[in-house]
Amino acid sequence: MSFREFLEYDQNVDLPKYSLEEILENHIAIAGKINDKIRPLPLFNTYLKQGYYPYYKESKKFYLSKLENTLNLTLETDLPFVERIEISSIRNIKKLLWIIAQSAPFTPNTTYLARNLDVGRVSILNFLTILERGGNYQSSAKSVKQHKGIGNLRETFCYNQLNVIGKVTSGGILDFKVDNKYTIEVGGKNKGHEQIMGIQNTYLALDNLEYGHHNEIPLWLLGFLY
């Protein structure tokens, strides 16, 4: 679910979706309309931790175990049928996914991965493609910064939401470029403007922010793209 869909499902409120252009140009007014109906900021952290899949509402305590079961079902049942791959490859794909999860933020190094899984580099590339098609892994072609925890979570959310509505690539020294037109840098609400000074069509998507200002946009508002 998008953050908007999560709010509708969790709080029973009817909220519209907006295009990226609408959000970038009118984010202050849009945030005002949403905050008049509901206070989204306190619910955003809940969404990031356990709100992406609707079965969280059945039991928050068992959300992670349900997520694991869903993942195993995808890997063990759906993939062999769709991709026509062998059981030994499924084991390697599971191990690859474990390495990715343990290494966040993750930059693919096919030589390192091939050595750890004892397979060829071509197989690694094929495994990553399979995981991406299955919705278990997303590649942003981004030179990932070496920060962990909340920074990686923010960027994952941003990429995930933007990737639904446009082509997202590396923004070079910044985080993401959308449709080769808009550049978005992600961070906390106190992040400075040094990186984006003098760069056209560049915006800061900032966490823990109810309302934006000029080219500073609340990160949670990108969850209203679909």
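Just a few scattered comments:
- Of all residues in the range 206-223, those that are surrounded by 24 or more Cβ atoms within 10 Å (Cβ to Cβ) and in contact with a Lys or Arg (Cβ under 8 Å, 6 or more places away or on another chain) total 2.
- Selected residue (criterion: farthest from THR202 (Cα to Cα)) from residues of the range 1-32 that are exposed (fewer than 13 other Cβ atoms within 10 Å of the Cβ) and free of Cβ contacts under 8 Å to residues at least 60 places away in the same chain: ASN12
- Count of the range 173-186 residues which are surrounded by fewer than 18 Cβ atoms within 10 Å (Cβ to Cβ) and either farther than 12 Å from ILE199 by Cα or among the acidic types (Asp, Glu) (or both): 2
- The combined condition, being surrounded by fewer than 16 Cβ atoms within 10 Å (Cβ to Cβ), polar (S, T, N, Q) and touching a helix residue (DSSP H, G or I) at 6+ places or on another chain (Cβ under 6 Å), is not fulfilled by THR74.
- Of the helices (runs of 4 or more DSSP H) that lie entirely inside the range 1-99, those containing 2 or more residues that are within 21 Å of the chain's Cα centre (by Cα) and either within 29 Å of VAL178 (Cα to Cα) or of a type in the set (A, V, I, L, M, F, W, C) (or both) span 3-11, 20-37, 40-50, 63-73.
This table checks each residue for (1) polar (S, T, N, Q); (2) under 30 Å from GLY149 (Cα atoms); (3) at pLDDT 85 or above.
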{"site": "GLU76", "(1), (2), (3)": "no, yes, yes"}
{"site": "PRO80", "(1), (2), (3)": "no, no, no"}
{"site": "ARG84", "(1), (2), (3)": "no, no, no"}
{"site": "ARG91", "(1), (2), (3)": "no, yes, yes"}
{"site": "PRO105", "(1), (2), (3)": "no, yes, no"}
{"site": "PRO108", "(1), (2), (3)": "no, yes, no"}
{"site": "LEU117", "(1), (2), (3)": "no, yes, yes"}
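- Cβ-Cβ under 8 Å pairs, at least 6 apart or on other chains, the range 151-175 side without any contact (Cβ under 8 Å) to a residue 24 or more places away in the chain, far side surrounded by fewer than 20 Cβ atoms within 10 Å (Cβ to Cβ) and assigned to a helix (DSSP H, G or I): ILE173/GLN195
- Residue satisfying condition, being at pLDDT below 85 and over 21 Å from GLU132 (Cα atoms), within set TYR9, TYR63, TYR18: TYR63
The values are calculated or read from the model by the stated rules, or taken from the named source; none is laboratory data. Remember, it's a predicted structure, so these values are computed and weren't measured experimentally. Here the Cβ is made from the backbone with ideal geometry for all residues, glycine too, and neighbour counts use every protein chain on show.
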